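One structure below.
The values are calculated or read from the model by the stated rules, or taken from the named source; none is laboratory data. As the structure is a computational prediction, the values presented were derived from the model and not from experiment. For neighbour counting, all protein chains shown are included, and Cβ atoms are generated from backbone atoms with ideal geometry for every residue, glycine included. Surface areas here come from the heavy atoms of the whole protein model, side chains and all, with no ligands, DNA or RNA. Shrake-Rupley method; radii C 1.70, N 1.55, O 1.52, S 1.80 Å.
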Amino acid sequence: TGLVNHVTSLEDLLPTARKIIGKIGKKGPLAIEKVIECANAAFDEETDGFELEIEGFAELFETADFKEGTTAFLEKRHAEFKGQ
């Protein structure tokens with residue numbers, strides 16, 4: 001995906017945003033939290049965003065949600081994340 005993933009009219013803005021948020025909301029809550037943390041690091045001159053991303057991935061790699069996501073992918077089913 002590129003820098004711009006969606007272009008919409010003003011009338012369709014809220015429904016489009018809700019649809020995207022709905023998709024994101026089905027992902028692992030711990031992963032969503034880390035993505036937001038890494039994105040916010042772009043505004044902190046004292047934080048190395050790349051290092052934060054590497055550390056975040058390492059932390060998530062050890063979670064039950066990571067194992068569930070991997071297993072669900074291999075079993076071709078939707079993951080049931082629990083935030084653990």
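Brief remarks follow.
- Compared with the alpha-carbon gap, the fully stretched path from Lys67 to Asp44 is longer by 5.2 nm at 0.36 nm per residue.
- Annotation for segment 11-26 versus segment 37-83: alpha-carbon center distance of 21 Å.
- Label-to-label distance, Val7 versus Glu51, with points set 7 angstrom from Cα along the beta-carbon direction: 4.0 nm.
- You can think of it this way: the chain between Leu14 and Glu59 has 12.8 nm of extra reach, that is 0.36 nm per residue less the Cα-Cα gap.
- Across segment 78-84, coupling constants 3J(HN,Hα) worked out from phi with the 6.51/-1.76/1.60 Karplus curve, θ = phi - 60°, read 6, 6, 10, 7, 10, x, 10 Hz, and Gly and Pro carry x.
- Shape category assigned to the chain from the gyration tensor of Cα positions, a/c cut at 1.5: oblate
- Within the accessible area of the chain (1.4 Å probe), percent carbon and sulfur: 61
- Across the chain, the mean sequence separation of Cα contacts (distance under 8 Å, 6 or more residues apart), normalised by length, yields a relative contact order of 27 percent.
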